[in-house]
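Take a look at the structure below.
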Number of protein chains: 4
Amino acid sequence: MLGQNNYGKSGIRLVKLVRHPDRHEIRDWTVAVRFEGDFEAAHAAGDNAEVLPTDTMKNTVYALAADHPLDSIESFALHLSQHFLTENANVARVRIDVSERPWERLEVAGRPQRHAFSGAGEERATTRVERDRSGARIHSGLADLTILKSADSGFAGFRRDRYTTLRETGDRIFATALKAVWQYIPSDLTFALLRRSIRQTLLETFAEHESASVQHTLHAMGEAVLEQHPEVGQIRLSLPNKHHLPVDLSPFGLENKNEIFVATEEPYGLIEATLTRSP
Amino acid sequence: MLGQNNYGKSGIRLVKLVRHPDRHEIRDWTVAVRFEGDFEAAHAAGDNAEVLPTDTMKNTVYALAADHPLDSIESFALHLSQHFLTENANVARVRIDVSERPWERLEVAGRPQRHAFSGAGEERATTRVERDRSGARIHSGLADLTILKSADSGFAGFRRDRYTTLRETGDRIFATALKAVWQYIPSDLTFALLRRSIRQTLLETFAEHESASVQHTLHAMGEAVLEQHPEVGQIRLSLPNKHHLPVDLSPFGLENKNEIFVATEEPYGLIEATLTRSP
Amino acid sequence: MLGQNNYGKSGIRLVKLVRHPDRHEIRDWTVAVRFEGDFEAAHAAGDNAEVLPTDTMKNTVYALAADHPLDSIESFALHLSQHFLTENANVARVRIDVSERPWERLEVAGRPQRHAFSGAGEERATTRVERDRSGARIHSGLADLTILKSADSGFAGFRRDRYTTLRETGDRIFATALKAVWQYIPSDLTFALLRRSIRQTLLETFAEHESASVQHTLHAMGEAVLEQHPEVGQIRLSLPNKHHLPVDLSPFGLENKNEIFVATEEPYGLIEATLTRSP
Amino acid sequence: MLGQNNYGKSGIRLVKLVRHPDRHEIRDWTVAVRFEGDFEAAHAAGDNAEVLPTDTMKNTVYALAADHPLDSIESFALHLSQHFLTENANVARVRIDVSERPWERLEVAGRPQRHAFSGAGEERATTRVERDRSGARIHSGLADLTILKSADSGFAGFRRDRYTTLRETGDRIFATALKAVWQYIPSDLTFALLRRSIRQTLLETFAEHESASVQHTLHAMGEAVLEQHPEVGQIRLSLPNKHHLPVDLSPFGLENKNEIFVATEEPYGLIEATLTRSP
């Protein structure tokens, strides 16, 4: 029996050059389109009559991008999802993911250059719009935002069992590659502006928090977003704990005054939680 | 308000050398441990009294592996999850993920060598055991199994709209990196043997199917597993369509008799479905 | 002053389907083309009159592949390099790199299937042909051949200084991702056959060697290739030491009988050497 | 016969927290150490008496980092290489590679925070110091500096043959991930300051150049560095051409006014050249 099923196109690389008279802007996006609906005949009988090719999804992304300002990833995802749902009667639900790669303007002699850019890091702005016949839900976020604090972070008073060897610490490096996904309650927002503000709330809370654990700081970050941004109904944060371990220098007759660390990739802690606005 | 939350350790690299008198065996596993439960105090107040460190989870994996035969990733995941749930009263649900990297024995002068191995590819055997106070659920699978068929695959008769430019074809390369996850109904099984059999069913069906689309072949693969393996209650298959595009040689006065292709990474189709045993 | 310079196209993904009456074969290659020569005008003055576009290099790879049997990566690289040097009078030296991704035939009911394949691992067969007006040099090899031996490997009697904490061991896991590059003296060889034989020599020597260090085994592997394969004039081997560290289980009251290891990625030893046939 | 050989430790992850009274600084470096010298006995006979373990190299990096200001990757690489050469009489040549991951200070309420940082992108600052008994040579550089210009770039007037299908263009996107390596003539320099200046020269020249080809701009960039920085004796630039292809929208009745592009990863052009100061 066929259960939940979906199909679509991923990894659609879309770059739009917005040509203002005095300067260019770059949009560098990766788009994924996903359909759910009644595709029983395609699966069970190999009947493709209701299957819009994934190649057509890709073409549609480029065609619609030509006539859209691409002012935000959210507005384009809303537009795309509307198009696909309207044009495909057999589709029950469309999901659009857009991830944005940031570029920043180069400066020449201290002044912004009109058409030259450098990549602005691994961080990605993301959105997922899911639309069915009842409306659209928007989950925006960011991914791979690498952050580190070198003070105001400890981990102590934890539960111990016979396999516990970890020492308590009142002063450790706290480093993570933040992933955040928040749900917007209304869908008519100035998305790009709002995103900058939410991102700043996350960063400032991370920087200033007196952290008793990753969980503790995660909770403070989520709470701050909900308090300062009424447009957000819910937020989920994922914080991998990218461990920085103090190096034991005592065999060499040296003391490590919490200055020399080895950064490790594996294993890593992973702490995740959702915070929801109370009703 | 704190909603769903979880924490744990990922990327725990465990290698066990099983020393038989006449030969060695290698287990090369990556383990992740995840707890869910009542961790409100840790999040809201920074109180770690109920937080078992993720470092302890890692230690526990190594300690328990020393006394366990590691006969299958499933049996060890069941054992680990039982341990953690028993020892941690405040934990409501434990999830263990294990992924196995395969090694195969080297041959010397045509005969199997007793202690030398080569890596057996990108494919990984996987399992996820989720255990709560009511029992355990086992979802096993495989990931990154790259397969390709160069005949018996077409795509035609599909829906067209104004953005459709794809040509129909009765003869295309069908290549994918299969991901499969199936649910075992009972939990007392000879997992390693059963896995080999399910894997072979997937491969043989893929090879022999007269494919009208990725959906069509996915469905046949899932159906075959459910038919031939009563232990499996449900299976989900993910098939990225790794497109191989015929190269247009006509500008050079050559005909491409469906022989010369460019393999592409992006964009890619993604087709996923769950098949469930009918009640 | 313009010094050494080169340009070309990399990452040319070429898949050829060889259609025999009773079965298909797959060639899955990645090709790079590189020119050196007199390109002073292009660099200094932006004069492209002597610059064959890298796009044309790519087209040429596909066009020539259509009419070539692709019986070995070496024979095609020789052919391509000849073409480019003949057609481009201003080019002094052409370098062609080809890397092959292996596929193996699937079996159905214990018998080889005619047109279905699975990916045969991360290992790549490689060749580099460098051709100038005086002739061609062939350097073939393999990359990412992951191998491990769990006996007959130690490391002791090494030099110590005040920063040395490593313990001597007579029994350690020796794991590496072998890269080998060997130079063929003649250029008219049955390359595919010879490659299999050289590869087997490398593997058997690795498996059977009583290893006192990575250097020691590297040397034995290279020596065996030179002794058994008179066609090879020189071989360079690179062996990253992928450390497997015994886990200290004593805090848990357990003894680690050299059975439980953590596999690490960083840092890693890197041992490299060239062996040359004595004159 | 043993030819060129080397061994060492790579991937040594070193993080130093510099604790000023009013703020912290982060050094996030990856170090590799490599020895060349007389290691014939180790290779041929398995005699390790002259082999300093690579584990000791790693320990030495951490120990020496504890007592060094780490004011620049160059100064530390010079110091490390001196140490190893002095302490190991049988070593003829030491090579130290250091790559720096940049972090930037977070701002809170518009003011720099004292101990919180975010990752500042994929770009890496690099240095390689090679030292033998006659002295040290310093090659510094940068890697993975992604840059793009959307005007003042064309490619026309190129050589054509029967496989050429590329169209001439006077207006294309020019995107690359710059790698640069330059040789310093003196070794007593304010490295960090000089690096910033060389980097700015590269970026400004890229941004402002009227580019007739990648070669043309590469040459201008190298020339500018040599002209403006007498400390640099030679520079090598590698510019992968990360193609952005205009999407053909004509099947959809739309015109692409050079606004909509697909960014591609493969194949890619690769243009490299060395510029040397004339004697």
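The values are calculated or read from the model by the stated rules, or taken from the named source; none is laboratory data. Keep in mind that what you see is a predicted model, and the values were worked out from it rather than measured. For neighbour counting, all protein chains shown are included, and Cβ atoms are generated from backbone atoms with ideal geometry for every residue, glycine included.
Odds and ends about this structure:
- Summed over region D:152-175, the residues that are touching a residue at least 24 places away in the same chain (Cβ under 8 Å) and of a type in the set (Val, Ile, Thr) give a count of 1.
- Meets criteria (part of a loop (DSSP other than H, G, I, E, B) and either under 23 Å from B:ASP161 (Cβ atoms) or of a type in the set (S, T, N, Q) (or both)) for A:ALA136: no
- All conditions but one from (1) surrounded by fewer than 18 Cβ atoms within 10 Å (Cβ to Cβ); (2) aliphatic (A, V, I, L, M); (3) more than 8 Å from every other protein chain (Cβ to nearest Cβ) apply to A:LEU166; the one that does not is (3).
- Subset of region D:1-37 (residues that are at pLDDT 95 or above, in a loop (DSSP other than H, G, I, E, B) and either among the charged types (D, E, K, R) or touching a strand residue (DSSP E or B) at 6+ places or on another chain (Cβ under 8 Å) (or both)): D:ASP22, D:ARG23
- Pairs, first closer than 16 Å to C:GLU223 by Cα in region C:176-197, second among the basic types (Lys, Arg) and in a strand (DSSP E or B), C-beta under 9 Å, six or more apart: C:LYS179/C:ARG236; C:ALA180/C:ARG236; C:VAL181/C:ARG128; C:VAL181/C:ARG236; C:TRP182/C:ARG236; C:GLN183/C:ARG137; C:GLN183/C:ARG236; C:TYR184/C:ARG137
- Hits in region D:10-60 (condition: in contact with a Lys or Arg (Cβ under 7 Å, 6 or more places away or on another chain), closer than 30 Å to D:ARG111 by Cβ and charged (D, E, K, R)): D:LYS16, D:ASP22, D:ARG23, D:ARG27, D:ASP28
- Here C:PHE76 meets each of (1) closer than 16 Å to C:MET57 by Cα; (2) not in a helix (DSSP H, G or I) with one exception, condition (2).
- Any chance B:THR217 is surrounded by fewer than 17 Cβ atoms within 10 Å (Cβ to Cβ), under 23 Å from A:ASN48 (Cα atoms) and at pLDDT 95 or above: no
- Flag if B:SER99 is in a helix (DSSP H, G or I), touching a strand residue (DSSP E or B) at 6+ places or on another chain (Cβ under 9 Å) and more than 7 Å from chain A (Cβ to nearest Cβ): no
- Test: residue in region C:192-210 that is touching an Asp or Glu at 6+ places or on another chain (Cβ under 9 Å), modelled with pLDDT of 95 or more, assigned to a loop (DSSP other than H, G, I, E, B) and within 11 Å of another protein chain (Cβ to nearest Cβ): yes
- Note on region D:242-267: residues that are more than 14 Å from chain C (Cβ to nearest Cβ), aliphatic (A, V, I, L, M) and surrounded by fewer than 17 Cβ atoms within 10 Å (Cβ to Cβ) total 1.
- Residues of region B:34-46 classified as more than 7 Å from every other protein chain (Cβ to nearest Cβ) and free of Cβ contacts under 8 Å to residues at least 24 places away in the same chain, total: 2
- Qualifying residue in region B:27-40 (condition: charged (D, E, K, R) and within 25 Å of C:HIS243 (Cβ to Cβ)): yes
- Taking each residue of region B:54-69 that is facing another protein chain (nearest Cβ under 7 Å) and looking for partners that are of a type in the set (S, T, N, Q) with beta-carbon atoms closer than 8 Å, six or more apart or interchain, yields B:THR54/A:ASN241; B:ASP55/A:THR164; B:ASP55/A:THR165; B:THR56/A:THR164; B:THR56/A:THR165; B:ASN59/A:THR164; B:ASN59/A:THR165; B:ALA66/C:ASN256.
- Single residue of A:LEU270, A:LEU218, A:LEU239 found to be aliphatic (A, V, I, L, M), within 10 Å of chain B (Cβ to nearest Cβ), within 24 Å of B:ALA41 (Cβ to Cβ) and in contact (Cβ under 8 Å) with a residue 60 or more places away in the chain: A:LEU239
- Just one residue in the set D:LEU106, D:LEU148, D:LEU142 is part of a strand (DSSP E or B), more than 10 Å from chain A (Cβ to nearest Cβ) and not aromatic (Phe, Trp, Tyr); that residue is D:LEU142.
- Screening B:PHE84 against (1) of a type outside the set (Asp, Glu); (2) facing another protein chain (nearest Cβ under 7 Å); (3) at negative phi leaves a single unmet condition, (2).
- Any chance C:ASP71 is under 29 Å from the mean Cα position of the chain (by Cα), buried (at least 20 other Cβ atoms within 10 Å of the Cβ) and not in a helix (DSSP H, G or I): no
- Subset of region D:49-67 (residues that are over 13 Å from C:GLY269 (Cβ atoms) and touching a Phe, Trp or Tyr at 6+ places or on another chain (Cβ under 6 Å)): D:ASN59, D:THR60, D:ALA63
- Residues (surrounded by 21 or more Cβ atoms within 10 Å (Cβ to Cβ), β-branched (Val, Ile, Thr) and either farther than 18 Å from C:PRO246 by Cβ or more than 7 Å from chain A (Cβ to nearest Cβ) (or both)) located in region B:11-25: B:VAL15
- Residues (among the β-branched types (Val, Ile, Thr) and assigned to a loop (DSSP other than H, G, I, E, B)) located in region A:45-60: A:VAL51
- Residue satisfying condition, being assigned by TED's automatic domain parsing to the domain that holds A:VAL61, under 13 Å from the mean Cα position of the chain (by Cα) and either buried (at least 16 other Cβ atoms within 10 Å of the Cβ) or of a type outside the set (Phe, Trp, Tyr) (or both), within set A:ARG111, A:ARG105, A:ARG124: A:ARG124
- Single residue of C:ALA42, C:ALA125, C:ALA63 found to be in a helix (DSSP H, G or I) and closer than 19 Å to C:ARG27 by Cβ: C:ALA63
- Here C:ALA92 passes the criteria (1) farther than 12 Å from C:ARG34 by Cα; (2) surrounded by fewer than 20 Cβ atoms within 10 Å (Cβ to Cβ); (3) more than 10 Å from every other protein chain (Cβ to nearest Cβ) except the one numbered (1).
- In the condition set (1) more than 7 Å from chain B (Cβ to nearest Cβ); (2) within 22 Å of the chain's Cα centre (by Cα), A:GLY8 is compliant with all but (1).
Listed here are the residues, each with its yes/no results for (1) under 30 Å from C:ALA41 (Cα atoms); (2) touching a Pro at 6+ places or on another chain (Cβ under 9 Å); (3) buried (at least 16 other Cβ atoms within 10 Å of the Cβ).
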{"residue": "C:ARG101", "(1), (2), (3)": "no, no, yes"}
{"residue": "C:ARG128", "(1), (2), (3)": "yes, no, yes"}
{"residue": "C:GLY135", "(1), (2), (3)": "yes, no, no"}
{"residue": "C:THR146", "(1), (2), (3)": "no, no, yes"}
